[in-house]
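Visitor: Okay, here's the structure, questions in a sec.
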Amino acid sequence: MPHSPIHSAARRHFLQRAGSLASAFGLGGAAQLATLSPAHAADYKALVCVFLYGGNDGQNMVVPTDAARHAQYAAARPGLAIPRSALLPLGSSGYGLHPALAALQPAWQRQALAPLFNVGPLYAPITKADYLAAPANSPLRPDNLFSHSDQQTLWETASTSAQARSGWGGRSAQALATINPVISLGGNGRFGQSDQQPPLVLPAPGEVFGAYTLQPADASWAPMAARKQAVDALYGQALPGVLASAYARQQRDAFVVSQRLGALVTRQPLAAGSSAALDTAFAPLIANGRLTTPLARQFYQVAKLVDGRATVQGDRQIFFVQLGGFDTHASQALASDPLDGQHARLLQQLGEALAAFDRAMVAIGMDQAVTTFTQSDFGRTLAGNSSQGTDHAWGNHQLVMGGAVRGGTTYGQFPQLVLGGPDDVGVHSWERHGRWIPTSSVDQYAATLLAWFGASDAQLDSVLPNLRNFGSARSLGFV
């Protein structure tokens, strides 16, 4: 059946698609994808960064289960603390997960899950005395602590300067000369930026990746084939000026990449050509052929791209997904039930999506090759506030998952649960809230992941300039 004529709205849609496709790569960013030959993927590895925007309350995500420390924890946050009886025990580790993360128990039992305690942006190891003695402009005091935008930048860039521009994911892809840049399913964040190209931003399943009406399937209708031929001719012309030439090259390369990845990106669960193994793994999160949560949609895309790595190309790939809503100053939990509320619902979405992705990687035999890890703006105060919530802090607990993870245990140093104590940055009575000074740095966290990924010591020092300040303690040992 012939297509109907393109009306003005469709023309606008085409221009928007073409522009967004180009901006997904940046000037010249797609050239690497278009021109490099596929690498042999027998040694394939992938890192998946899960950024929890708003500042996840790690204090309620992983909780001590011994009576003494749980009593300290509960006393500091009445109405918010998770009862000991409700925690999901992590073996004999002395810690338990929030019950909303029940979906992650199989990964823990498979020893493919590990909590990492009290991580945050650091220039060098620091004590409370060091922090208090440092002048305001010292690198020992990361820029604008407790600020959402600045702390997101510090986590995504592995820096203590809010002026940092490139992300540690983007710098890693550049240093390791991966065929693809960071592939983001969660927008154009700083994590995937390098000084040469932005991340490749892909849409959710079911959405078109490429210019509207100029997909390969549209070529069967002569007017669309002629339109595509005209566009190709336009961008194939020699243009004066470096910027104009770079833009034309960017557009040409973007068409090549979108035509290579478009069908894979668009494919929905349970649709023709979908993977039965992936669909089964994500089945609890599929209703009426659609994935039920934003994070599930992002993880399903990542799973497809890992499964379709021959099409994606390259033997090293970094992915980025994200979930927002963690700025829980108020109504973090229901006053009538600390196990319910905004934070519990977010953790349930996180746990179910992580578990589905873990099942998918096991099902396709790639769990040993894919490591997933969380990041967030900062931790939250141990002390609750007067609005049934928590406030901005510094160090935070994270989760690492995958077959290569040395799971079944915990890593890092858990803080002393003493308001105003040696791990709390607060001194005066009005500032003793349990804002933990990190005992592991973002640099060490990233270096542990990247060393597994294949980065040399020299590459780690290039990507993570503050890593050398931690001496021989470069790895946290969880993979």
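Visitor: Enter the angle in degrees (range 0 to 90, nearest 10) between the Cα long axis of helix 294-307 and the first principal axis of the Cα atoms of the chain, meaning the one along which they spread out most.
Guide: Relative to the chain, helix 294-307 is tipped by roughly 60 degrees.
Visitor: Please work out how much length the chain gains when fully extended from Tyr247 to Gln259, using 0.36 nm per residue of separation minus the C-alpha to C-alpha distance, in nm with one decimal.
Guide: 2.5 nm
Visitor: Determine the percent antiparallel among the DSSP beta bridges restricted to the chain, to the nearest 5.
Guide: About 45 percent, rounded to the nearest 5.
Visitor: Can you return the lysines within cross-link range of Lys304? Criterion is Cα-Cα under 25 Å, with same-chain partners fewer than 8 residues away left out.
Guide: Counting by Cα, and skipping residues close in sequence, Lys304 has these lysines nearby: Lys45.
Visitor: Return, ordered by residue number, the residues of region 173-189 whose backbone nitrogen is under 17 Å from a label point located 7 Å along Cα→Cβ of Arg165.
Guide: Residues 174-175, 189 qualify, since their backbone N sits under 17 Å from the label point.
Visitor: So, in nm, how far is label Asp66 from label Leu132 when the simple model puts each one 7 Å beyond its Cα toward the Cβ?
Guide: 2.6
Visitor: Let me ask something else. Once the piece of chain linking Ala310 and Phe146 is laid out straight, how much longer is it, given 0.36 nm per residue of separation minus the C-alpha distance between them?
Guide: Contour length minus Cα-Cα distance gives 54.8 nm.
Visitor: Sticking with this one: Residues with amide H under 5 Å of Val400's amide H, sequence separation 5 or more or different chain, H placed in the peptide plane at 1.01 Å from N; which?
Guide: Those lying under 5 Å, H to H, from Val400 are Ala114, Leu116.
Visitor: Now for a separate question. Which of the following values of Cα extents along the principal axes in Å was calculated from the structure shown: [x] 88, 59, 51; [y] 75, 49, 44; [z] 68, 56, 41?
Guide: [y]
Visitor: Between Ser472 and Ala225, what is 0.36 nm times their sequence separation minus the Cα-Cα distance? Round to one decimal in nm.
Guide: The span from Ser472 to Ala225 would gain 82.9 nm if fully extended.
Visitor: I'd like the FRET efficiency for Gln196 and Ala233, computed as 1/(1 + (r/R0)^6) with the beta carbon distance as r and R0 of 30 Å, rounded to 0.05.
Guide: 0.60
Visitor: Right, here's the next one. Report, to the nearest 10°, how far helix 442-453 tilts away from the longest principal axis of the Cα atoms in the chain, using its own Cα long axis and a range of 0 to 90°.
Guide: The angle comes out at about 50 degrees.
Visitor: Okay, next question. Where the convex hull is taken over the Cα atoms of region 404-459, what is its projected area averaged over directions, in nm²?
Guide: Computed as one quarter of the Cα hull surface, the answer is 5.4 nm².
Visitor: Additional query: Just want the answer: with Cβ charges of +1 for Lys and Arg and -1 for Asp and Glu, which residue in His343, Gly314, Ser386 is farthest toward the dipole's positive end in region 250-388?
Guide: So the residue furthest toward the plus end is Gly314.
No lab work stands behind these numbers, since they all come straight from the coordinates. All values derive from a computational prediction rather than experimental measurement. Please note: Cβ atoms are built from the backbone with ideal geometry, for glycine as well, and neighbour counts cover all protein chains shown.
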